[in-house]
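Read through the structure below, which is laid out as structure tokens, and then see the notes.
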Amino acid sequence: MIPPLPTSPLPRRRTRPLTCLGDAREVDGGGYSKFAQRLPTDYPGRRLVRKWWEWDYLAECAETLGLLPDGGTADTRAVGLGVGHEPLIFYFAQRGCSVLATDLYAGDTAWSEARFARTEQVLASSPLDYPRDRVEVAHADMRALPCGDGEADFVWSCSSIEHVPTLADLFKVLHEIDRVLKPGGYALLTTEFCLGPGPYLLPGVNAWDAEILGLIRRSFAGFDFVGPDDLSFDALHPANAPRVRRHLPAGMQQPHATGFAEAFRGGHMGVLLGVSHCVPIAFVLQKTDGHNHTWAEADVPPHLRAFTDGIDRFEARREAEALPLLQRVYDEARCDPRWRQLALHAGRYVIDCHARLGAQRRPAELRRLIEDYLTLCPPGELQDADCLDLCAYLLGEIGELSTSADVARKALCSPSTSLEHVFALAGRFLKVQKRADQLSEALDEVADLLADAAWGGMDGPSFTRNLEREIDPVLSRSQRKAMRKAVRARVNETTRALAERVP
């Protein structure tokens, strides 16, 4: 057994429920809740420190609030939003709840947690024994739940409510939670929170910051936040550190190591999104008879309203209307270092609006626009690949091949670039370098990155699938063979170097 790692001097435990940020210390050793005791000791999710903390928080809050009848007639109705096949579905059913699990289930969804074509697959995925007649699975958007008004005793969601297009849609989700809850019912929620800079508001990932948390409190008087606030963050605990996104958590890479502390070695509570450092925020809402504002009624800070309305219009292909809104946010946000992430996102959509409105026909103007935008990029390795990807593509389209390659390289090497995005960016990087007659050097760079991804824990079938989809179409048959050989050689070299350390 690996001995527990040293931890920081902060208190080991906080009383739940409360509004708080994730802390691996609270599940050091696997946790102490009934949920932790009932889950199998070899359940792989125990090594996902971030998810495990969220599940443990939600389960213990349900316990503390008296929502788990522990058997009985399943009179307690629990509704899960965007829950995939997470163990809380089956844990709540085992404890006596009648559970409705909802998500956008599909065999080909981008979200692996919901990649189920049939209800039976979700039900069969449980790590626990549970009464199947207490679980219903539904394909449903969290903005339109298949529930009657006042049906649920409690609603829960584990880092899913942020996966909507905009903040306006987040308001719709909270209104829907209010609709389905009984008077006095509870919403047990976790979502993303930016330690800095923030907020992070790309469509599909809306990570909060303190300003958005304040907006939710002001706008939803029909909910009380249960318990005290503690938004301190224990940065000294090794598991609370963020990891390189193209690497799997250390605990998932090293299955031969025993002990929950193994997962702490590489960190996992934090996640890098663009240039933002995000962690989970957890909180419990209780339904009251107060008034909840709609997005139109709410007192939204002007820059957040303009950005949200601009994205709505952009997604609706109304670029001419979106551009002045997003330009205003871009001009204001770029002057404040605290809003660097928002400025990067607003500027990215300003560029995209110009591109959709025909800026490629004016290459000098587009080049100046992108060059000005690139001055916002922070120094160092941490970059926002979702923003730089568009810049690299457009620079390539107007023939600025060298600059395009440099921008793509920045995006490729950023520790916040996701694994799948690394492959997509690598394919486009190779295309540009091929046009510039720089393919040989580019192949070496890409081989290094792919070897790093393989060593970081990506499984063989996924690696092959991404290679065939993103890289192979750019290369000749001989180049494809050479690429695979180069990646294999780099992985083997690392393996041998590690093996030589063992006496």
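The values are calculated or read from the model by the stated rules, or taken from the named source; none is laboratory data. Quick caveat, the model's predicted, so the values are computed rather than measured. Reconstructed Cβ throughout: ideal geometry from the backbone, glycine too, with neighbour counts over all protein chains shown. Calculation scope for accessible area: heavy atoms of the full protein, side chains included, ligands and nucleic acids excluded. Shrake-Rupley method; radii C 1.70, N 1.55, O 1.52, S 1.80 Å.
Here segment 2-47 is the region considered, the condition is being basic (K, R) and in a loop (DSSP other than H, G, I, E, B), and the residue that is modelled with the highest pLDDT is R16.
Yes/no matrix, rows are residues, columns are (1) surrounded by fewer than 16 Cβ atoms within 10 Å (Cβ to Cβ); (2) within 24 Å of A408 (Cα to Cα):
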| residue | (1), (2) |
| --- | --- |
| A442 | no, yes |
| P461 | yes, no |
| P473 | yes, yes |
| R480 | no, yes |
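Of all residue pairs spaced 6 or more apart or on separate chains, those with beta-carbon atoms under 6 Å, a first member in segment 129-158 that is within 22 Å of A59 (Cα to Cα) and a second member that is open to solvent by less than 60 Å² (accessible area, probe 1.4 Å) and among the aromatic types (F, W, Y) are Y130/F90; F154/Y186. Within segment 131-173, being in a strand (DSSP E or B) and closer than 24 Å to H293 by Cβ holds for A152, F154, V155, W156, S157. Taking the conditions exactly as written (over 20 Å from M269 (Cα atoms) and either touching a residue at least 24 places away in the same chain (Cβ under 8 Å) or among the small types (G, A, S) (or both)), does L195 satisfy them or not? Considered against the rule, which asks whether it is over 20 Å from M269 (Cα atoms) and either touching a residue at least 24 places away in the same chain (Cβ under 8 Å) or among the small types (G, A, S) (or both), L195 comes out as no. Being among the charged types (D, E, K, R), modelled with pLDDT of 85 or more and touching a strand residue (DSSP E or B) at 6+ places or on another chain (Cβ under 8 Å) is a property that R50 has. Among the residues of segment 419-440, the ones that are open to solvent by 30 Å² or more (accessible area, probe 1.4 Å) and either touching a residue at least 40 places away in the same chain (Cβ under 8 Å) or of a type in the set (D, E) (or both) come to 4 in all. Only residues that are charged (D, E, K, R) and buried (at least 18 other Cβ atoms within 10 Å of the Cβ) were counted across segment 370-392, and they come to 3. For the structure I just gave you, tell me whether A210 is under 19 Å from M269 (Cβ atoms) and without any contact (Cβ under 8 Å) to a residue 40 or more places away in the chain. The answer is yes for A210. Inside segment 334-381, can you point out the residues that are small (G, A, S) and assigned to a loop (DSSP other than H, G, I, E, B)? Residues satisfying the conditions are G358, G380.
Just one of the listed residues (P197, P203) is surrounded by fewer than 21 Cβ atoms within 10 Å (Cβ to Cβ) and over 21 Å from Q286 (Cα atoms), and it is P203. The single condition from (1) under 18 Å from P203 (Cα atoms); (2) open to solvent by 20 Å² or more (accessible area, probe 1.4 Å) that R367 fails is (1). Restricting segment 45-100 to residues that are over 26 Å from A241 (Cα atoms) and aromatic (F, W, Y) leaves a set whose member that is surrounded by the fewest Cβ atoms within 10 Å (Cβ to Cβ) is Y91. What's the number of the condition L181 fails, among (1) over 21 Å from G80 (Cβ atoms); (2) more than 22 Å from the chain's Cα centre (by Cα); (3) open to solvent by less than 10 Å² (accessible area, probe 1.4 Å)? Result: L181 passes all but (1). Under the condition of being under 22 Å from P249 (Cβ atoms) and either modelled with pLDDT of 95 or more or in contact with a Phe, Trp or Tyr (Cβ under 8 Å, 6 or more places away or on another chain) (or both), the residues counted in segment 451-471 number 3. Checked against the criterion of being more than 30 Å from G196 (Cβ to Cβ) and not hydroxyl-bearing (S, T, Y), the candidates L443, L419 yield just one match: L443. Considering the conditions (1) assigned to a helix (DSSP H, G or I); (2) touching a residue at least 60 places away in the same chain (Cβ under 8 Å); (3) in contact with a Leu (Cβ under 7 Å, 6 or more places away or on another chain), A408 is excluded by exactly one of them, (2). Give the residue that is least open to solvent (accessible area, probe 1.4 Å), with candidates limited to residues of segment 393-418 that are under 19 Å from S462 (Cα atoms) and either hydroxyl-bearing (S, T, Y) or touching a Lys or Arg at 6+ places or on another chain (Cβ under 8 Å) (or both). Within segment 393-418, the match that is least open to solvent (accessible area, probe 1.4 Å) is T417. Among the numbered conditions (1) farther than 26 Å from F220 by Cβ; (2) exposed (fewer than 13 other Cβ atoms within 10 Å of the Cβ); (3) of a type outside the set (D, E, K, R), the only one that P302 does not meet is (1).
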